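Down below is the structure, laid out as structure tokens.
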Amino acid sequence: DGISPSFSNDLCPDDLERVMDVLEGAFARMPVLADVGIKRVVNGPITYTIDGAPLVGPIPGKRNAFCIIGLRAGLGEGGGHGWLLAQQIVHGEACYDTWCLDPRRFTGHANVELTSLKAIEDYQNEFRFHFPHEHRPAGRPAKTTPLTPILAAKGAEFTVVNGWERVDYFKPSPDFHPRHMFDFDESFDVIAKEVELVQTKVGLTEVNGFNRIEITGADRHSFLDRMMCGRVQKRDGRVGLGYLLNHHGMIKAEATVANIPASDRGPDRVWYGSAAASEYHDMDWLTSHVRDDEDVQFKSLTNDQTILVLAGPRARDVLSKAARGDWSKDAFPWLSVRECFIGFAPATV
């Protein structure tokens, strides 16, 4: 049932079975421990998140609400984290980049079940190196798409991005299992060949979890123009890149902004796309800056649609065979967007 809200300075029931393998190792190394026995068990809870770092900062979706939880060593960490939180409460920003602590770095998949699995896994690996690109197995897969099993059958090796199982590369054989290390591992050469093929021919993969927000309302363009540095595209069918800044001029998010013209699928609107990890952060940042007299609405599309990336010099050839229309550079230039059908499925390219 979890920890009661009234729980304070109490202990949990004894549970030596969970650490018996560790105890047996200790008994073997120091037999006297087995002889004297265990007089008292102190089993107290330690707060964990799914990545082991605390949650310090604004609570997503709540105005003027902040938290500082998930600290495994409150006495040792409380002072520094409390200092950073106080700056956010008073000034709106801390003096350092606190994204690694931001509560908005997780989304709805970080529930009690997943957190419990990841907490146990993290504690079991407390003093082990965490190698680059290493994603441990507990709680996987948390979020998938209908394409995930199809890509897996084609040899996809998956990484984890905000809970999503996303293709990292395609294994050359079923028994290919690279070792995690601080140097380049065996996957480096595999990825290099994939890059070469994309540069010379064409490549296709899924980028699921890419954060997508549909922005509507009469003031959508003026709102984005106020929020983003650089020029925001306003013409239908055009795409631009922009950056959200805070009042210090620091970058808060990088986003692709696409102007979707009106059609039978809906009115003219803006699609805002950014990194998968910024799903809650960007929605929170955008909605919190809408003025009372502005007509702007937001709708998350991240969990409703997926994204395929088609890249390479032969990409237009593939697209012309999959969808009707003229996909030449003159008819569909760089930074353009168009609605179409891929087979029987509606798509936006």
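Read-outs throughout are calculated quantities, based only on the coordinates presented, and are distinct from any laboratory measurement. Note that the structure is predicted; figures quoted are calculated from it, not measured. Quick reminder, even Gly has a Cβ in these numbers, built from the backbone with ideal geometry, and neighbours come from all protein chains shown.
Of note:
- Estimated from helices alone, the mean residue ellipticity of the chain at 222 nm is -8000 deg cm²/dmol (sum of -39500 (n - 2.57) over DSSP H runs with n ≥ 4, per residue).
- Of all lysines in the structure, those lying under 23 Å Cα to Cα from residue 171, and not within fewer than 8 positions of it along the same chain, are 143, 154, 193, 201.
- Taking label points 7 Å from Cα along the Cα-to-Cβ direction, residue 40 and residue 345 give a separation of 6.2 nm.
- 18 Å Cα-Cα reach of residue 62 towards lysines, excluding residues that sit fewer than 8 places from it in its own chain: 299
- For the pair residue 193 and residue 86, label points projected 7 Å from Cα toward Cβ lie 5.8 nm apart.
- Computed 3J(HN,Hα) for region 104-119, one whole-Hz value per residue from the Karplus formula 6.51 cos²θ - 1.76 cosθ + 1.60 where θ = phi - 60°, is 7, 6, 9, 10, x, 6, 7, 8, 4, 5, 5, 4, 5, 5, 6, 5, glycine and proline marked x.
- Fully extending the segment from residue 288 to residue 336 would add 14.3 nm, taking 0.36 nm per residue of separation and subtracting the current Cα-Cα distance.
- Prolate/oblate/rounded call for region 70-114, Cα gyration tensor, a/c under 1.5 rounded: oblate
- Within the chain: Cβ-based charge dipole about Cα centre, in debye rounded to nearest 20 (Lys, Arg +1; Asp, Glu -1): 960 debye
- When 99, 285, 334 are sorted by how many other C-beta atoms sit within 10 angstrom of their C-beta, beginning with the fewest, the order is 334, 99, 285.
- Most positive-pole-ward Cα, 49, 347, 132, against dipole of the chain from beta carbon charges: 347
- For the residues 195, 167, 22, a GNM of the chain with alpha-carbon springs under 10 Å puts the largest fluctuation on 22.
- Anisotropy class of region 1-158 from Cα gyration tensor, a/c 1.5 cut: oblate
- What separates the Cα centres of region 1-24 and region 25-52 is a distance of 11 Å.
- Couplings 3J(HN,Hα) for region 218-235, derived from phi with the Karplus relation 6.51 cos²θ - 1.76 cosθ + 1.60 (θ = phi - 60°), are 5, 9, 4, 6, 5, 5, 5, 4, 6, 7, 10, 7, x, 8, 8, 5, 10, 6 Hz, where x marks Gly and Pro.
- Considering only 44, 82, 74, the mean-square fluctuation computed in a Gaussian network model of the chain, springs between alpha carbons under 10 angstrom, is largest for 44.
- Relative contact order of the chain, pairs being alpha-carbon contacts under 8 Å that are 6 or more residues apart, as %: 13 percent
- Prolate/oblate/rounded label for the chain (Cα gyration tensor, a/c 1.5): oblate
- Alpha-carbon centroid distance for the pair region 145-213 / region 266-319, whole angstrom: 23 Å
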